[in-house]
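Every read-out reported here was derived from the displayed coordinates using simple, explicitly stated rules and does not represent laboratory data. In this text the structure is predicted, and so the values were computed from the model without any measurement. Cβ coordinates were reconstructed from backbone atoms using ideal geometry, including for glycine residues, and neighbour counts include every protein chain displayed.
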Ligand SMILES: [Fe+2]
Ligand SMILES: [Fe+2]
């Protein structure tokens, strides 16, 4: 009997199962290198391998034991809850945006898998390699499951090809902590917000994959917890100049989400979700969670906040309108849009942040 990536206990097994199908279109979408598209990262693995988790040992062992117990083994595969989807009959605009959503999600999941797997391969520190092996296992399942959904639409991302050909961006370990911690926690907040909304409105659930979001987001929650503990091992990471870096990453991650989600109006309409309200809710949850480790939160109620997010979205629309066009008019539009996006970002990042006193114990449970 063939194995499924959901049943795999290691990242290697899960990827071997996935290494069959692909489609050129989906892979090309996943290969895209724009400011907004999900990236692959590489870092200083030796520095990360040198982390000593002794200061957080108790919380660490508890978290690792929970991940080793693997509550979601076997979860990420189609079962009797997987409803048939008429991809051919789907409204073309919805189909396009939904596929874009799935490919982008699959790429993000796989980006985590590649980074975590590499850390596990390069490291010698037992604590660190064990954690990264466990997280890579989860992300391989997540990416594999999205690919299963894409395959039904006749598209799937060639994950092996991506590993080899996609560009890798180098980030220092501390930037990896800030960016990855946030992407795990915002991932949790996004999945659980959609899940809870569709629990109230099951008639709007136009695809079965949303039924899997609850257990899914618990994996992301644990991954975020692990990064919070890693940051807790070194107080310098959340002090001094690094507070500015934290603010930068918070602003960049929130703004990227806003602009990206507003690129998919039809998808959100089908789910009965207003992307602005949804974004606000996700930012609120993520900010609340990030108080476990970050000494500041962003003031998302400040009058400049929403206005400048909308201006960034507008700049992105203007850029898209002249995409691929040559000539003076297009060049000027592009320049204007880039300036607008740049000024909006400056306006966002200069909003005074709210300070937060970080609790002694970091650990949280998923309560949303
Ligand atoms: Fe994931
Ligand atoms: Fe994750």
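Side notes on the structure shown:
- The chain: translational diffusion in µm²/s, Stokes-Einstein, Kirkwood Rh over Cα pairs, 10 °C, 1.306 mPa s: 74 µm²/s
- Max mean-square fluctuation residue, GNM over the chain, Cα-Cα springs under 10 Å, options 322, 243, 11: 322
- Hull volume in cubic angstrom per residue (convex hull over the Cα atoms of the stretch 293-344): 88 Å³
- Computed across the stretch 206-341, the Kirkwood radius stands at 17.5 Å (inverse of mean 1/r, all Cα pairs).
- As a calculated quantity, the FRET efficiency between residue 73 and residue 328 at R0 = 56 Å, using C-beta atoms, amounts to about 0.45.
- Peptides 292-298, 68-74, 118-124 ordered by average Cβ neighbours within 10 Å, highest first: 292-298, 118-124, 68-74
- Note that the stretch 197-279 shows a convex hull volume over its alpha carbon atoms of 106 Å³ per residue.
- Distance between the pseudo-spin-label points of residue 164 and residue 122 (7 Å out from Cα toward the beta carbon): 2.1 nm.
- Our note on the geometry: Cα centres of the stretch 169-207 and the stretch 25-43, 18 Å apart.
- Direction-averaged projected area, Cα convex hull, the stretch 1-144: 11.3 nm², rounded to one decimal.
- Residue of 356, 79, 158 that the Gaussian network model of the chain assigns the largest fluctuation, springs spanning Cα pairs under 10 Å: 79
- Gain in span if fully extended, residue 50 to residue 151, counting 0.36 nm per residue against the direct Cα distance: 32.3 nm
- Pairwise centroid distance, computed over Cα atoms, of the stretch 47-74 with the stretch 314-357, Å: 40 Å
- Under conditions of 37 °C and 0.692 mPa s, the stretch 152-247 yields 204 µm² s⁻¹ as its translational diffusion coefficient, taking Rh as the Kirkwood radius over Cα pairs in the Stokes-Einstein equation.
- Considering the stretch 253-295 at the alpha-carbon level, its Rg and Dmax are found to be 12.0, 38 Å.
- Springs between Cα atoms under 10 Å define the GNM used for the chain, and in it the highest mean-square fluctuation of 110, 171, 40 occurs at 171.
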